[in-house]
Amino acid sequence: MDGCQKTIIFRQGDTRIYAGGELPLLIFLLTSHSNLWYNYITMKQHTRHSVYQINYHFVWCPKYRRSVLVDKVSDRLVELIPQQVNILGGESIELVVRPDHVHLFASFPPDLAPKQIMHRIKGNTSHTLRKEFPQLKSRLPSLWTHSYYVGTAGNVSSETIRKYIEAQDGV
């Protein structure tokens, strides 16, 4: 299959299902007069009862936007975040740690809300980093701010977000 989305028209009463040789599929039914339109998108992730592709772009900062994510702290954070993403059942697509903020582009299952994801990632990384690097305790009352940015992206815009995050390396 050369594209990620295809449209197939079936006449009413037609019971054939076209799989195109790629599974799993997510099938959306749209009714238009006497035709049924089947739009399907090939997916990579699935749970026992669902097939999904939910990509989130998260951005968050240390408290007071201090530039504390440097050197060994940054290296350790790059190890910790993908570990935590895997524990939550997600897949890390792109991760960039800047001195004063973090970009994470990842896919997560539909049973986790973005708030839960951020709460667990920030909580785990803050606890571990402050334990391993005591200087973070003296400079900040807590490592992360309560706020964060989250945006969702489908398969089409994933590459655009990945390029944007990669471009943040030079900022």
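The values are calculated or read from the model by the stated rules, or taken from the named source; none is laboratory data. Just so it is clear, the model here is predicted, and its values are computed rather than measured. In this analysis, Cβ positions are derived from the backbone assuming ideal geometry, glycine residues included, and neighbour counts consider all displayed protein chains.
Among the residues making up region 57-82, those that are under 16 Å from residue 148 (Cβ atoms), in contact with a strand residue (DSSP E or B) (Cβ under 9 Å, 6 or more places away or on another chain) and surrounded by fewer than 17 Cβ atoms within 10 Å (Cβ to Cβ) are 63, 65. Within region 55-87, being more than 27 Å from residue 113 (Cβ to Cβ) and either without any contact (Cβ under 8 Å) to a residue 24 or more places away in the chain or in contact with an Asp or Glu (Cβ under 6 Å, 6 or more places away or on another chain) (or both) holds for 67, 71, 75.
Scanning region 91-115 for residues that are of a type in the set (S, T, N, Q) and in contact with a Leu (Cβ under 8 Å, 6 or more places away or on another chain) yields a single hit, 92.
Can you give me the number of residues within region 88-105 that are over 22 Å from residue 163 (Cβ atoms) and either outside the structural domain of residue 133 (by TED's automatic domain parsing) or touching a residue at least 24 places away in the same chain (Cβ under 8 Å) (or both)?
Let us first name the residues in region 88-105 that are over 22 Å from residue 163 (Cβ atoms), namely 88-89.
In the following step, the residues that additionally are either outside the structural domain of residue 133 (by TED's automatic domain parsing) or touching a residue at least 24 places away in the same chain (Cβ under 8 Å) (or both) were identified as 88.
Of the residues in that region, 1 qualify.
For region 103-151, filtered to residues that are of a type in the set (Ser, Thr, Tyr) and assigned to a strand (DSSP E or B), the residue that is farthest from residue 92 (Cα to Cα) is 149.
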